[in-house]
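To keep things clear, I will list the structure first and then write my remarks on it.
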Amino acid sequence: MNWTAIGAIYRFEMARFFRTLMQSFISPVISTSLYFVVFGAAIGSRIDQVEGVSYGAFIVPGLIMLSVITQAISNASFGIYFPKFIGTMYELLSAPISFLEIVLGFVGAAATKALFIGVVILGTAALFVDVTIQHPVAMVAFLLLTCTSFALLGFIIGIWAGNFEQLQLVPLLVVTPLIFLGGAFYSISMLPEIWQTVALFNPVVYLISGFRWSFYGLADVPVGLSLLAIAAFTALCLGVIWWIFRTGWRIRA
């Protein structure tokens with residue numbers, strides 16, 4: 001394993017993040033505050049508690065998942081797309097490093113950025129509501145798996161995208177609606193029975209349910225099923241990336 005190459009890619013990507021640290025820090029703080037003003041004040045005044053947890057505290061895991069998923073995809077997709085755009089991808093491919101080392105560098109940096117945003121949002125939420133974490137180890141595990149798996153998805157999107165418009169297509173039209181419909185701001189049990197069944201086909205439901213369980217012990221689906229879903233999604237993304245580098249799809253043309 002060429003740790004020097006992995007470290008070089010990782011440091012390069014993180015340097016871009018730290019150049020805009022204030023923007024990266026202030027933006028999630030403002031966004032989280034606005035969510036609490038809109039959802040916590042407007043909707044929270046009508047919904048006192050959800051399954052024994054105050055509504056403001058109930059939406060915290062969903063807010064974290066919303067930001068972590070979108071940030072992981074955005075950072076990873078732009079990180080690998082930009083070398084394609086300016087032509088430095090060929091230097092990476094001709095360097096004495098394997099595809100695994102390339103993926104570790106880019107995906108590791110994107111996952112780290114998403115994790116940082118998640119911690120910032122958790123700290124901001126704690127200023128508004130009382131946040132309890134009943135299962136801290138499970139919370140960290142779900143957070144790390146989510147950052148990694150969606151950074152892998154972002155890496156795939158960055159390779160697939162042919163322009164900057166396509167870079168935003170999947171996150172805006174597919175991922176964000178799935179998050180909002182995945183129980184980020186409500187419990188699946190609050191839906192009519194038929195829509196509860198439909199919601200179970202949304203993979204994001206399993207992520208948010210498992211993550212919320214780590215906070216309050218509440219889950220819409222079994223926790224083991226949530227872990228299985230995120231593990232299967234990670235394995236699928238790894239398989240797709242292996243196929244991309246094996247065939248050269250979209251990176252050697």
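The values are calculated or read from the model by the stated rules, or taken from the named source; none is laboratory data. Quick caveat, the model's predicted, so the values are computed rather than measured. Cβ: placed from backbone, ideal geometry, glycine included. Neighbour counts: every protein chain shown.
Mind listing just one residue for me: the one in segment 214-248 that is of a type in the set (S, T, Y) and over 20 Å from the mean Cα position of the chain (by Cα) and, of those, nearest to V103 (Cα to Cα)?
Per the criteria, the residue is T247.
Does segment 177-186 contain any residue that is loosely packed, with under 15 Cβ neighbours inside 10 Å and more than 17 Å from F211 (Cα to Cα)?
Yes, because at least one residue in segment 177-186 is loosely packed, with under 15 Cβ neighbours inside 10 Å and more than 17 Å from F211 (Cα to Cα).
Residue-by-condition table, conditions (1) hydrophobic (A, V, I, L, M, F, W, C); (2) touching a helix residue (DSSP H, G or I) at 6+ places or on another chain (Cβ under 7 Å); (3) not in a helix (DSSP H, G or I):
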residue: V204; (1), (2), (3): yes, yes, no
residue: V221; (1), (2), (3): yes, yes, yes
residue: L225; (1), (2), (3): yes, yes, no
residue: L236; (1), (2), (3): yes, no, no
residue: G239; (1), (2), (3): no, no, no
residue: W242; (1), (2), (3): yes, no, no
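Take F150 and tell me if it is at pLDDT 90 or above and surrounded by 20 or more Cβ atoms within 10 Å (Cβ to Cβ). Quick ask: steps written out before the conclusion?
Working: at pLDDT 90 or above: yes; surrounded by 20 or more Cβ atoms within 10 Å (Cβ to Cβ): yes.
So F150 fits the description; yes.
Where residues in segment 225-253 are in contact with a Gly (Cβ under 9 Å, 6 or more places away or on another chain) and of a type in the set (G, A, S), which of them is surrounded by the fewest Cβ atoms within 10 Å (Cβ to Cβ)?
Taking the candidates together, the pick is A229.
Which residues, taken from segment 72-97, are modelled with pLDDT under 90 and of a type in the set (S, T, N, Q)?
Hits for segment 72-97 are T88, S94.
Which of the residues spanning segment 43-96 are closer than 21 Å to R16 by Cβ and outside any helix (DSSP H, G or I)?
G87, T88, A95
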